[in-house]
Amino acid sequence: MTRVTPEVTRASKDRFLKAYAQCGVIAHAAKAAGITSRVVYKWEKADPEFRLAKDDAFAEHADTLEATMFTLISVQLEKLDYRSNPALLIFALKGAKPEKYGDAIAPTNDAKDMIVEFKQAMREAKSEAKPQSPSTPSVVEEADRILESKRGGLDGSDNSE
């Protein structure tokens with residue numbers, strides 16, 4: 001059995017980083033380096049320099065994906081062959097470089113927040129269930145008020161009175 005020394009650890013880290021730059025998958029790179037993924041996560045937590053080197057290795061992998069994509073596109077244009085489909089590569093690029101290839105519109109929780117607030121207003125209205133005076137808004141009016149106030153924030157218009 002090999003004794004774990006700083007030199008052995010450094011060599012294992014180097015093997016992992018080289019494999020990770022090539023494949024971009026922690027489990028596969030760890031196996032190629034003769035270690036487990038758990039060891040990689042342990043190193044990442046304990047060693048800021050390793051964490052940065054790991055990020056650099058993944059960036060190198062993402063650059064390789066990008067170069068491959070452009071090569072595929074060039075071949076398609078050159079041969080006028082539009083049958084091949086680089087969808088898998090595009091999917092990988094969206095994951096590897098979301099700031100460049102991700103969806104243009106980021107998902108938000110606005111609708112979820114509106115529903116939560118509406119449900120809360122409904123619960124409060126039910127718990128206060130008392131006869132309404134003409135000046136007390138109905139549950140429907142209260143819901144309309146909440147939705148209208150939220151809608152103003154979503155479309156940029158000002159619906160305040």
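How do VAL4, VAL39 line up, fewest other C-beta atoms within 10 Å first?
With the fewest neighbours first, VAL4, VAL39 line up as VAL4, VAL39.
Between TYR41 and THR5, how high is the FRET efficiency from 1/(1 + (r/R0)^6) when r is the Cβ-Cβ distance and R₀ = 30 Å? Nearest 0.05.
So the FRET efficiency works out to roughly 0.90.
Would any residue of the stretch 49-63 have its amide N under 19 Å from a label point 7 Å out along Cα→Cβ of ASP14? List them or say none.
49-58
Determine the gain in length on full extension of the stretch LYS100-SER74; use 0.36 nm per residue of separation and subtract their C-alpha separation, reporting nm with one decimal.
Gain in length upon complete extension: 7.4 nm.
Mind checking which lysines have their C-alpha under 17 Å from LYS119, skipping anything on the same chain fewer than 8 residues away?
Reachable lysines: LYS150.
Could you sort the peptides 112-119, 55-62, 29-36 by per-residue average Cβ neighbour count (10 Å cutoff), highest mean leading?
In descending order of packing, they fall as 29-36, 55-62, 112-119.
When the chain is fully extended, how far beyond the present Cα-Cα distance does ALA87 get from GLN22, taking 0.36 nm per residue of separation?
Gain in length upon complete extension: 21.4 nm.
What is the set of long-range amide H partners of THR36 at a cut-off below 5 Å, with H atoms built 1.01 Å from backbone N?
Counting only residues 5 or more places away or on other chains, the set is empty.
Please arrange TYR20, TYR41, TYR101 by how many other C-beta atoms lie within 10 Å of their C-beta, fewest to most.
TYR41, TYR101, TYR20
Each value in this text was obtained by applying a stated rule to the coordinates, not by laboratory testing. Just so it is clear, the structure is predicted and the values come from calculations on it, not from any experiment. Don't worry about glycine lacking a Cβ; one is built from the backbone with ideal geometry, like all the others, and counts go over all protein chains shown.
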